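Everything below concerns the one structure shown next.
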Amino acid sequence: MNEAELAARVRNVTKTYRVGNLSVPAVRGVDLDIEKGAFLSLAGPSGSGKTTLLNLLGALDTATSGDIWIGGHSINGLSNKELADFRNTNLGFVFQTFNLVPVLTVIENAELPLQLRGMTDRDERRDKVEKILVEVGLGDLLDRRPNELSGGQQQRVAIARALVKNPTIVLADEPTANLDSETAREIMVLMQAMNEKFGTTFVFSTHDPLVMEYATRLVLLRDGKIESDERTEPVQNAI
C-alpha cells in the first residue's frame, strides 16, 4: 500500500518487559499497515499483546525493536518530550475510564487538547469545540461537569476531546468496558458515524464482541503475534 494511504505502519516491532530477572515478551515481531479511514479492532485474549500494541501505536510506550510510523512520521528514538508533543499533535485517545477532569465543564474538557497545542484564540477554539460537541450529541450540555453526566455522555465528551485536533488516529482502549450494553452500542454507532463522516481512523483494543461487530477490520493477536487479519462487514445502525 502507498505510504500516502496509510495512517500507520508497523514493521517487525517487538516489546519485551523486564520483571525482576525475567524478560517477558508482550509483542513479538508484528508487521501491520493501517490505512487511513480504517475502523480497526485489535482483539485477543488477555496477554495477547493487543493493549501493548495499542500503546505503542499511541506513543505511550516505546518498542524494544522495530519501526513505527504514524502519518508518515517515524516515532522511533523520540525523547519523552518529543513523544508527548507528537501525541498531542497527531493522536486522539478514548479510554474506558473516560479520564475527564472533574472540575472542568464539558466544553472545557473537550478543548483541553487545543489549549495544550497553544491555540490561544478563545472564540475560535470554542467555536471549533462546540461544533464537535454538537456532532456527538452534547450541544445542550456544554456547561455541565462530569459528575452531572451519565457514563455514555462522559464517553461522548472523551470522543469529542479526541476529535477536536483532527488526529491522524483515534486510539480507543476498551471504550465500552464501563458502559451497559445499550449505551455501549450507542457509543459504537457514534464512533462509526464519525469515522464515516470525517474519515477519521479508529483503532480499538478490545475483547468485547460488540466492538468487533462494528469493526471493518479485525486483527486477532495471540501470544504477541498476529494470528489473523480479516476484513469484515460491520453492522449498520442509524444514530
Quick calc, ASP229 & VAL134: beta-carbon distance into FRET formula, R0 30 Å, rounding 0.05, result 0.25
Apply 1/(1 + (r/R0)^6) to the Cβ-Cβ distance of ARG145 and THR216, taking R0 = 30 Å, and write down the FRET efficiency to the nearest 0.05. 0.30
Computed label-point distance, nm, for sites SER46 and VAL103 using a 7 Å Cα→Cβ extension: 3.6
How high is the FRET efficiency between HIS73 and ASN12 when r is their beta carbon distance and R₀ equals 22 Å, given to the nearest 0.05? 0.75
Calculate the dipole size of the chain relative to its Cα centre from +1 charges on Lys and Arg beta carbons and -1 charges on Asp and Glu beta carbons; express the result in debye to the nearest 20. 600
If each residue of separation counts as 0.36 nm, what is the full-extension length gain between ASN178 and ASN80 once their alpha-carbon separation is subtracted? 32.3 nm
Between GLY58, SER74, ALA184, whose Cα lies farthest towards the positive end of the dipole of the chain when Lys and Arg beta carbons carry +1 and Asp and Glu beta carbons carry -1, centred on the Cα centre? SER74
Please give, to one decimal in nm, the separation of the simple spin-label points placed at VAL189 and ASP33, each 7 Å out from Cα toward the Cβ. 3.5
Asserting the computed 222 nm helical MRE of the chain (DSSP H runs at least 4 long, -39500 (n - 2.57) per run, divided by residue count, to nearest 500) equals -10500 deg cm²/dmol
Quick one: of LYS81/LYS225; LYS15/LYS36; LYS50/LYS197; LYS36/LYS165, which pairs are farther than 19 Å apart, Cα to Cα? LYS81/LYS225; LYS15/LYS36; LYS50/LYS197
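Bear in mind these aren't lab numbers, they're just calculated from the coordinates by the rules spelled out. Everything numeric here is computed off the predicted structure, so don't read it as measured data. Backbone-built Cβ (ideal geometry, glycine too); neighbour counts: all protein chains shown.
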